[in-house]
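See structure below.
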């Protein structure tokens, strides 16, 4: 598949390049337990069955508040295209928070996100206010390999009366390899159960990234979906600046 070939090419380029060596360990901002201050510019493309496409460009700001707390905001622009339809504008925004408790084996995380229906067109968001709590744990398998197991629940609490109610469960499993040479690779599995429609989706996501300077990084993530999903494929490119 084209998406698989693109990831292999990116991984090869990452492996052949020396990256930017991290004097104090693995690249920051990759592990879910990292509380760092950074800005991400996230370009995403999702292709769905029936000639439907959704493109977005998101500004994300993460702030490490102290040794235990972090927060983030996401402000996206999006474009929706389908046969006979093309709409662009602001998509729904997110405010996230998390608390991290570190230990010898890894870390325990708890947090959540508030979703604000700032979408300017109905095709660009859910039209619902949401509160999505989450919990998870990071297990440090080796100094350069970690696993993350987590659960998030998506729940709408208000919004347009004609917009579908949101009530979804999503367990997640992530496995990553990082390097002091400045690169990382990871696999990310997300299983989503929609309690309103009884539909099930499995997203298989693969990511490769590297530091290109002391405080800059770039990554590519490819998405394949199964079960009841109508997504054909997805791709995410992130340009990151660490402070």
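Against the chain, whose longest principal axis is taken from its Cα atoms, helix 2-16 shows a tilt of about 20°. Considering helices alone, the calculated mean residue ellipticity of the chain at 222 nm is -2000 deg cm²/dmol, with DSSP H runs of length four and up weighted by -39500 (n - 2.57) and normalised per residue.
Rounded if a/c is under 1.5, else prolate if a/b beats b/c, else oblate: with a ≥ b ≥ c from the C-alpha gyration tensor eigenvalues square-rooted, which is the stretch 109-181? Taking the square roots of the gyration eigenvalues as a ≥ b ≥ c, the stretch 109-181 is prolate. Computed over the chain with a Gaussian network model linking Cα atoms closer than 10 Å, the most mobile of 56, 198, 156 is 198. Sorting 106-116, 63-73 by their mean Cβ neighbour count within 10 Å, with the most densely packed peptide first, gives 106-116, 63-73. Rounded to the nearest Å, what's the spacing between the alpha carbon centres of the stretch 179-226 and the stretch 23-55? Just the number, please. Comparing the Cα centres of the stretch 179-226 and the stretch 23-55, I get a distance of 8 Å. How large is log10 of I(q)/I(0) for the stretch 171-243 at q = 0.12, 0.14, 0.28 Å⁻¹ when the intensity is taken from the Debye formula with one equal scatterer per alpha-carbon? Calculated log10 I(q)/I(0) at the listed q: -0.42, -0.54, -1.23.
Where a number appears in this text, it was derived from the coordinates with a stated rule and is not lab data. This one's a predicted model, so the numbers in the text were calculated from it and none came from an experiment. Because the Cβ atoms are built from the backbone with ideal geometry, glycine has one as well, and the counts that use them run over all protein chains shown.
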